[in-house]
1. Are any of the residues in the range 257-266 assigned by TED's automatic domain parsing to the domain that holds Gln328 and assigned to a loop (DSSP other than H, G, I, E, B)?
2. Quick one: which residue in Val229, Val236, Val223 is closer than 30 Å to Leu271 by Cβ, part of a loop (DSSP other than H, G, I, E, B) and among the hydrophobic types (A, V, I, L, M, F, W, C)?
3. Restrict the check to the range 62-83 and report whether at least one residue is surrounded by 14 or more Cβ atoms within 10 Å (Cβ to Cβ), basic (Lys, Arg) and in contact with a strand residue (DSSP E or B) (Cβ under 7 Å, 6 or more places away or on another chain).
4. Please identify the pairs in which a residue from the range 100-119 that is β-branched (Val, Ile, Thr) has its Cβ atom under 6 Å from the Cβ atom of a residue that is outside any strand (DSSP E or B) and surrounded by fewer than 18 Cβ atoms within 10 Å (Cβ to Cβ), counting only partners at least 6 apart or on another chain.
5. What is the residue count in the range 268-283 for residues that are of a type in the set (Ser, Thr, Tyr) and surrounded by fewer than 18 Cβ atoms within 10 Å (Cβ to Cβ)?
6. Taking Val210, is it assigned to a helix (DSSP H, G or I) and surrounded by 10 or more Cβ atoms within 10 Å (Cβ to Cβ)?
7. Could you count how many residues in the range 120-155 are of a type in the set (Lys, Arg) and free of Cβ contacts under 8 Å to residues at least 12 places away in the same chain?
Amino acid sequence: MRRGRPSATAWAAWALALCLGSAPALAAPDAGAPPADAADAAVAPAPSGPPPTVNMTCAPQPVRVGDPLTCTLTIEHRADVSVKVVAPADASRQGAPSPAEPTPDGGLRSTRVLVLRPFGLDDVKIKGFSVIWQEAGGYEGQVPVPPIRVAVKSMLVGQLDPQFRTFKQPPEGDQAGFFARHGPLPYVITNWALIIGLIVLGTLIVGVAVGFAVRRWLAGRVVDTGPYVDPRPAHVIAHERIARLQAEDLPALGETKQYYFRLSEIVRDYLARRFGFEALEMTTHEILASLDALAGPDPGVEGRVAVREFLEETDLVKFADFAPADDQGDTVLRMARGLIELTRTADTAAAPTRAAEGTA
């Protein structure tokens with residue numbers, strides 16, 4: 001095929017560019033090349049039908065602060081068209097895209113669900129995104145989504161008494177909804193009687209434990225000194241007891257035997273204190289044998305005789321049912337005092353006085 005010759009208009013334009021110096025070494029225009037507009041028209045396909053219709057609804061309106069705002073985007077398009085939604089930056093998709101549903105006119109209906117959550121009292125404004133649709137022949141277009149404004153209400157809107165709500169004080173007029181949102185009312189009753197009783201019981205237990213510990217501590221500090229021992233000399237104790245016995249005047253009351261028993265015990269207790277043997281548990285023979293075997297203080301011959309005569313005299317009344325004369329009680333009392341004076345310890349204060357008198 002032969003190419004056509006360039007037109008006069010083309011040659012004129014080329015010559016003018018060469019004169020102005022703005023045309024580089026360019027080849028002469030090809031008379032057979034198609035125009036630029038015709039080439040672009042051959043590359044970009046044209047739509048074969050109408051664009052999809054887009055509708056978006058949001059609920060709830062108004063939305064409470066912090067609650068989710070769910071927006072449902074419905075797109076109706078032809079069967080040979082695919083759609084894609086670019087969600088706003090502050091929205092999130094809920095679940096995977098559901099498959100398109102057929103419409104009565106032979107098209108398809110696609111649904112997308114977006115979720116927004118307001119955290120302020122400013123209105124929610126949804127704008128600035130589009131639905132991209134593409135035909136099977138390659139044409140691609142965009143459909144802008146109509147902007148939507150949703151009001152935001154405070155959590156305390158419509159509350160005459162804005163206080164924290166509890167199970168005991170649900171919101172006015174919304175008791176059923178309140179319990180449905182928060183679950184059933186827990187059955188909790190404070191048993192104050194039991195609590196107070198446990199506190200009192202615990203206090204008593206602690207008090208008893210502390211008292212027991214203090215008592216043991218005090219008991220550990222007590223020193224056991226044994227039974228009380230009269231520090232006075234044996235003869236002083238014996239004379240004091242004889243004086244008390246004499247003041248009771250038991251013979252005049254007809255208790256002569258009791259009088260002899262007690263006087264014998266006083267003398268035996270004196271011997272035990274004076275000479276250091278258990279005279280209260282001994283017989284007369286054992287007491288006399290103990291006096292003879294003493295390695296310590298010696299009662300002397302007169303003292304031994306006085307002890308023997310006193311014990312023999314009281315044994316007659318105690319064991320032989322001997323009835324003494326009325327004046328015999330004074331006699332045996334003098335015998336007891338006599339043997340005590342014969343066997344007693346010497347007065348330490350009187351000894352230097354006698355020594356001084358002998359020297360003078």
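The values are calculated or read from the model by the stated rules, or taken from the named source; none is laboratory data. Only a predicted model underlies this, so the values are computations on that prediction, with no experimental measurement involved. Backbone-built Cβ (ideal geometry, glycine too); neighbour counts: all protein chains shown.
1. Among the residues of the range 257-266, not one is assigned by TED's automatic domain parsing to the domain that holds Gln328 and assigned to a loop (DSSP other than H, G, I, E, B), which makes the answer no.
2. On the way: Val236 fails: part of a loop (DSSP other than H, G, I, E, B); Val223 fails: closer than 30 Å to Leu271 by Cβ.
It is Val229.
3. yes
4. So the pair list comes out as Thr111/Ser98; Val113/Gln94; Val115/Pro68; Val115/Gln94.
5. Just the residues of the range 268-283 that are of a type in the set (Ser, Thr, Tyr), to begin with: 270, 283.
Subset that is surrounded by fewer than 18 Cβ atoms within 10 Å (Cβ to Cβ): 283.
So the count comes out to 1.
6. On the way: assigned to a helix (DSSP H, G or I): yes; surrounded by 10 or more Cβ atoms within 10 Å (Cβ to Cβ): yes.
So Val210 passes the test.
7. In the first step, residues of the range 120-155 are kept if they are of a type in the set (Lys, Arg); the result is 125, 127, 149, 153.
Still in the list and also free of Cβ contacts under 8 Å to residues at least 12 places away in the same chain: none.
Of the residues in the range 120-155, 0 are of a type in the set (Lys, Arg) and free of Cβ contacts under 8 Å to residues at least 12 places away in the same chain.
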